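In what follows, a structure is listed as structure tokens, so that the remarks can point back to it.
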Amino acid sequence: MHYLSPEFGLVFVGFLWLYWWLGSARGVRAQNLLLLVASYLFYCSFDWRFAFLLLNFSLVILALAQAVQGHNGNRRRWPVIAGVVLALVNLGIFKYYNFFREESLALLTPLFNGASLPVLEFVLPVGISFYTFQGLAYLISVGRGECKPAKLFDGLLHLSFFPTLLAGPICRPNELLTQIQSPDERKIAAPEVAILLIISALIKKVWLSAWLAEEWVNPVFANPDAYHSLELLCGLMAYAWQLFFDFSGYTDVVTALALLLGFSLPVNFRQPYLATSLSDFWRRWHITLSRWIRDYVYISLGGNRASWGRTQMNLLIAMVLSGFWHGASATFIVWGLWHGLGLIAQNCWQKITSFTLPDAITQWLTFAFVCFGWLLFRAEDWESVTTYVAGFSRWDTLPSLNWMGLLAAMVVFFMLARRAEPMMEKSAAALRVLPWWGQALALVASALLIMELAPAGMPGFIYFGF
Amino acid sequence: MSSTQDMESQHTKALLGITFASLLLVALKGSALLQYWQQTHHILLEFGSLPSASSYLPDTRLIKEWKRQWDNTQQYWSGIIDQSESRMLLAGQLLLLGDEALPEPELPVVVAPVCPKQEVITQACPEPVAPPKPVAYETPAAAMAETLTVASAQTSIAIDTVAANTTTESIDTPDESQPGEPLPEATPEAITAAQGPILLGANDRILLVGDSLMQGLAPHLITNLKRKYKVESMDLSKHSTGLTYPAFFDWPATVEDAFELEDYTVVIVFLGANDPWDMTIQGRYIRFGSEPWAAVYRERVARIINTAATHRARLVWLGVPPLGREDLLGKAPTLNAIYAEEASKMPLFARFVATDPTLTADGSSFTKFLELPERGSVMVRTDDGVHFTTQGHRLLANLTLTQFGAAPPAEKPVEDAANATDGTDTGNTATNNKITQR
């Protein structure tokens, strides 16, 4: 079941009544228990073995967190180290084994004739990258004394909370865990914001992202040879916006789900394409991942406390790891490297000169740099990157896509991005004054309109099996 | 206490709002929901069909008039949008390439109809077809609008030379060449010749048809076919489609429509992953694999093959490889048997290419990893047990490419014993009777 599927929507609505009834009848602890059961059932709907793996991971992390506190009040270090190693090995086996296997075979074969490593058929458990990082954040926080070890059920729920289970946001313990532990009665802080977020998610994911994918991204990336240089550029920009709409639309919907359950989740996107520098970009794009990498990789490596050169090295390592986290492929590593080198180049510039370009120019430079990064992000292999890049010199093909229309859409997207926050606030205020049925009608009207505008109507936006 | 009550009433209102919205959406989009349900979970809900939004309205004259006006308005706006889009496209082309972007008014090619040889004459000699007049366009937009019609008017007027017919069932495909015209005879010689590589030249156009299996394969095919034979391909593949649920997506009709617009010479079909499910036909439940199921499915496969054959296009039907997903295990052979059998009924045009030998170690059972001579063991299938990795796509693309060969550059008339050529025909054998003609 996926968050934007009709079956999830209908089950969730029924679940909400049960959840809030339980809240008023039995209190927060009963609600937590219900959430825990629901989260595991939800995960089982993908594959029961995934749920088993998650339970196993959570129990190990929670047990190690308990072991941090020594008898004499000292905090032990070994449980944290053991936890980090175990979690990474677990992630490595399920996500990276085949990558390492093929790469190391390629290296070994010339040296040892007939070198072989066993073939293991692993299915990547959905969400493993996210809950691994959330679990590590918790364990390290306990190790640093920032939070106390959680009780069993609270800890299990923290790592399996179904809105954040599949693709984040990656919460710190002081964000989600404290809300789970709080004995105060829960409330839906702002139902109109939840409705607004659902509408925003539908616009971004069902309409805009699908439209960009169908009209531009899929055809251009499928056969870059057939397109004019300008079309390839437009296709790349379209892909950049598609990624943003897709992921931030997704985050909107999970934030709305959490709000309706009485939780607030950390912000994950803040108009990333308005960034005026690469470091600014990473403060706006997938924020919860960026800060995880900063807190637990970059700072653990020494951050900027050592020499300038060492700082750049730490930066590069952190970015490459961030790239590798996204997927087990050499292109993701190169993507991380691209951003790492970009950040270093930016730091060098700042070290050499105090001259600053106007914001409008730096914004476009940043966007262009990020777009080329997305080319690596999307590519399956090197050949597809080189084919695409080679196409930038093709000026004599007759364009077959409406590139002027796309450029106009890009201008609109950038303009809307600038006004997004005040627009959301005003819309929320307008919704707030409506009665409950007025809010419902607003949601229905928007949903119907979006389904009309979306490329494939109602069925198109759902993740089908194939 | 009152704050608790406030809070509770707020919950209730929020829940009421969300519930009301969900129910309203189900009521308005019920039929779309059922369709989605059937498509995704392959569960047939026996509600008949849920009402759509418009069925709630009373059937009065005023409402009918409103509906009509609403439809007109919608058509008007979509027309305006389409028009402005095509204008923008042309403007973009003109900006980049200047006058070169203007579509050239194509000079008409006069195709002299030729009478078949005496012994096979079955019908009167066709009248010469008047070529479209060359047009001088006043505006670029006018030229733009004309392009499509000029292109379709240009489609070859294929005149068949052989009377005998292998078609087993008639199809009412609108065929711009010669409706009802007999297909060439499948003599043993012609069949042997048809089993050789399909010859491709720069003028050929390839149509790619399929579901997400084809979506992954298509980019590899398009690039390779273009590099090797300089042929252009049209990829129509669409995920989640197949032949089981024509209400959701109708492939036979789509292929017919595609031939209306463009004169394809080769069709490559790769689908089936969404098909091994039960169907309901006119309220009757038909289990996958049963005889009635196979009959319905077979007819749909045959329609696609026949469309290609009537347009003298060669068709390559790629078999579904073994599927590794639990609910699909062992279902591919049933589909492949139907594809192979239907293709064998049109041996001059269609061929079935089994993918199992390429994608399995033992020739029949699903495997995620394959031992490749140069690379050792590599992953060829993705975790879902259905789709392919890049490596798998490469293997499939290579397999498909073995079906093709380069057309000889200079085409000489070839007298073929099995094929009564008409003398003006260029290198026309039954093997590739359309491909080498063009």
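Among the candidates B:PHE249, B:PHE270, the residue that is closer than 15 Å to B:SER212 by Cβ and either touching a strand residue (DSSP E or B) at 6+ places or on another chain (Cβ under 8 Å) or not assigned by TED's automatic domain parsing to the domain that holds B:ALA397 (or both) is uniquely B:PHE270. Note on region A:46-102: among residues that are assigned to a helix (DSSP H, G or I) and of a type in the set (D, E, K, R), the one that is least open to solvent (accessible area, probe 1.4 Å) is A:ARG101.
What residue, of A:VAL297, A:VAL267, A:VAL220, is open to solvent by less than 10 Å² (accessible area, probe 1.4 Å) and among the aliphatic types (A, V, I, L, M)? Let's see the steps before the verdict.
Details: A:VAL297 fails: open to solvent by less than 10 Å² (accessible area, probe 1.4 Å); A:VAL267 fails: open to solvent by less than 10 Å² (accessible area, probe 1.4 Å).
Going through A:VAL297, A:VAL267, A:VAL220 in turn, the sole match is A:VAL220.
Can we say A:SER129 is free of Cβ contacts under 8 Å to residues at least 40 places away in the same chain, assigned to a helix (DSSP H, G or I) and small (Gly, Ala, Ser)? Even if it seems obvious, please write down each step before you answer.
Working: free of Cβ contacts under 8 Å to residues at least 40 places away in the same chain: no; assigned to a helix (DSSP H, G or I): yes; small (Gly, Ala, Ser): yes.
Taking the combined requirement at face value, the residue does not satisfy it.
Please enumerate the residues belonging to region B:209-219 that are open to solvent by 10 Å² or more (accessible area, probe 1.4 Å) and β-branched (Val, Ile, Thr). Residues satisfying the conditions do not exist here. Being modelled with pLDDT under 85 and either open to solvent by less than 20 Å² (accessible area, probe 1.4 Å) or away from chain B (no Cβ under 11 Å) (or both) is a property that A:ALA194 lacks. The condition of being surrounded by 12 or more Cβ atoms within 10 Å (Cβ to Cβ) and over 24 Å from A:PHE244 (Cβ atoms) holds for only one of A:LEU375, A:LEU434, that being A:LEU434. Taking residues in region B:266-289 that are modelled with pLDDT under 90, and partners anywhere that are surrounded by fewer than 23 Cβ atoms within 10 Å (Cβ to Cβ) and among the basic types (Lys, Arg), the pairs with Cβ atoms closer than 7 Å and at least 6 places apart or on different chains are B:PRO276/B:LYS331; B:ASP278/B:ARG287. Taking the options A:LEU416, A:LEU443, name whichever one is assigned by TED's automatic domain parsing to the domain that holds A:ALA213, open to solvent by less than 20 Å² (accessible area, probe 1.4 Å) and at pLDDT 90 or above. Going through A:LEU416, A:LEU443 in turn, just one is assigned by TED's automatic domain parsing to the domain that holds A:ALA213, open to solvent by less than 20 Å² (accessible area, probe 1.4 Å) and at pLDDT 90 or above: A:LEU443.
B:ASP82: modelled with pLDDT of 70 or more and not in a helix (DSSP H, G or I), yes or no? Reasoning before the result, please.
Numbers: modelled with pLDDT of 70 or more: yes; not in a helix (DSSP H, G or I): no.
No; evaluated as a whole, the condition is false for this residue.
Scanning region A:248-277 for residues being in a helix (DSSP H, G or I) and in contact with a His (Cβ under 7 Å, 6 or more places away or on another chain) gives a total of 0. For region A:1-32, the tally of residues that are at the interface with chain B (Cβ under 10 Å from one of its Cβ atoms) and in a helix (DSSP H, G or I) stands at 14.
Hey, can you tell me all the residues within region A:8-17 that are within 19 Å of A:GLY127 (Cβ to Cβ) and either modelled with pLDDT under 80 or open to solvent by less than 20 Å² (accessible area, probe 1.4 Å) (or both)? Spell out the reasoning first.
Going through region A:8-17, the residues within 19 Å of A:GLY127 (Cβ to Cβ) turn out to be A:8, A:11-12.
Across region A:8-17, the qualifying residues are A:PHE8, A:PHE12.
State yes or no: is A:ALA429 over 30 Å from B:ASP384 (Cα atoms) and either among the aromatic types (Phe, Trp, Tyr) or modelled with pLDDT of 90 or more (or both)? Yes: the conditions hold for A:ALA429. Scanning region B:220-237 for residues that are touching a strand residue (DSSP E or B) at 6+ places or on another chain (Cβ under 8 Å) and either within 12 Å of chain A (Cβ to nearest Cβ) or open to solvent by less than 10 Å² (accessible area, probe 1.4 Å) (or both) returns B:LEU221, B:ILE222, B:LEU225, B:LYS226, B:VAL231, B:GLU232, B:SER233, B:MET234, B:ASP235, B:LEU236, B:SER237.
Residue selection: A:ALA428 fails the criterion of being in contact (Cβ under 8 Å) with a residue 60 or more places away in the chain, in a helix (DSSP H, G or I), within 9 Å of chain B (Cβ to nearest Cβ) and surrounded by 14 or more Cβ atoms within 10 Å (Cβ to Cβ). Taking the criterion of being open to solvent by 10 Å² or more (accessible area, probe 1.4 Å), more than 18 Å from A:ARG26 (Cα to Cα) and touching a residue at least 40 places away in the same chain (Cβ under 8 Å), the residues of region A:165-187 that qualify are A:LEU166, A:ALA167, A:ARG172, A:GLU175. Here is the figure for region B:87-101: residues that are within 10 Å of another protein chain (Cβ to nearest Cβ) and either open to solvent by 60 Å² or more (accessible area, probe 1.4 Å) or out of contact with any helix residue (DSSP H, G or I) (no Cβ under 6 Å at 6 or more places or on another chain) (or both) total 8. Determine whether A:VAL60 is touching a residue at least 40 places away in the same chain (Cβ under 8 Å) and more than 12 Å from every other protein chain (Cβ to nearest Cβ). So A:VAL60 fails the test. If you go through region B:302-331 and keep only what is farther than 14 Å from B:TYR264 by Cα and either surrounded by fewer than 20 Cβ atoms within 10 Å (Cβ to Cβ) or out of contact with any helix residue (DSSP H, G or I) (no Cβ under 8 Å at 6 or more places or on another chain) (or both), you end up with B:GLY324, B:ARG325, B:GLU326, B:ASP327, B:LEU328, B:LEU329, B:GLY330, B:LYS331.
Mind checking which strands (runs of 3 or more DSSP E) fall wholly inside region B:186-275 and carry at least 1 residues that are within 12 Å of the chain's Cα centre (by Cα)?
On the way: elements: B:198-200, B:205-210, B:232-235, B:266-270.
So the answer is B:205-210, B:232-235, B:266-270.
The values are calculated or read from the model by the stated rules, or taken from the named source; none is laboratory data. This one's a predicted model, so the numbers in the text were calculated from it and none came from an experiment. Ideal geometry is used to build each Cβ from the backbone, glycine not excepted, and the neighbour counts take in all protein chains shown. Side chains are part of the model used for accessible areas, which takes the heavy atoms of the whole protein and leaves out ligands, DNA and RNA. Shrake-Rupley method; radii C 1.70, N 1.55, O 1.52, S 1.80 Å.
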